[in-house]
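Asks: This is the structure I want to talk about, given as structure tokens.
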Amino acid sequence: MSKVIEAVYENGVFRPTTKIRMKDNQKVQLQVLADDDWKERFDRVVRAVRNKTARFSPEEIDADINEAITDVRNARRARSGCP
């Protein structure tokens, strides 16, 4: 299970700001990002996506998304043996 959890660092301990479901003593890996860092990274990704998709019309993007959805559904059906 991978999840992004907001936490506050207090007295040498990361304290989640919301209740999470985990087993006691379960080991995890933490990547610490300050809010500003995360927002900057997200904005960069959004700008990159917009730059790469600017040459396509919304209709072309919708058609590609619908085709991908159909491909995934067909692959799942083939794996499960459903017609």
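Asks: Return one number: the angle in degrees, 0 to 90 and rounded to the nearest 10, between the long axis of the Cα atoms of helix 58-80 and the longest principal axis of the Cα atoms of the chain.
Replies: Compared with the principal axis, the helix lies near 80 degrees.
Asks: Helix 35-53 versus the longest principal axis of the chain: what is the Cα-based angle in degrees, 0 to 90, to the nearest 10?
Replies: On a 0 to 90 degree scale, this one is about 10.
Asks: Moving to a separate point now. What is the chain by shape, rounded, prolate or oblate, if you read a ≥ b ≥ c off the alpha carbon gyration tensor as root eigenvalues and call it rounded for a/c under 1.5, prolate for a/b larger than b/c, and oblate otherwise?
Replies: oblate
Asks: Hey, another quick one. Enumerate by residue number the GluC sites (Glu not before Pro) in the chain meeting two conditions: DSSP loop (anything except H, G, I, E, B), and at most 13 other Cβ atoms within 10 Å of the site's Cβ.
Replies: Glu6
Asks: Ok, one more. Suppose R0 equals 22 Å. What FRET efficiency, 1/(1 + (r/R0)^6) with r the Cβ-Cβ distance, do Arg15 and Lys39 give to the nearest 0.05?
Replies: Efficiency at R0 = 22 Å is approximately 0.55.
Asks: Report the gain in length on full extension from Val28 to Arg50: 0.36 nm times residue separation, minus Cα-Cα distance, nm rounded to one decimal.
Replies: Result for the pair: 4.6 nm of gain on full extension.
No lab work stands behind these numbers, since they all come straight from the coordinates. Predicted model, so just to flag it, every value in this text is computed and none were measured. No Cβ is skipped: glycine too gets one built from the backbone with ideal geometry, and neighbour counts run over all protein chains shown.
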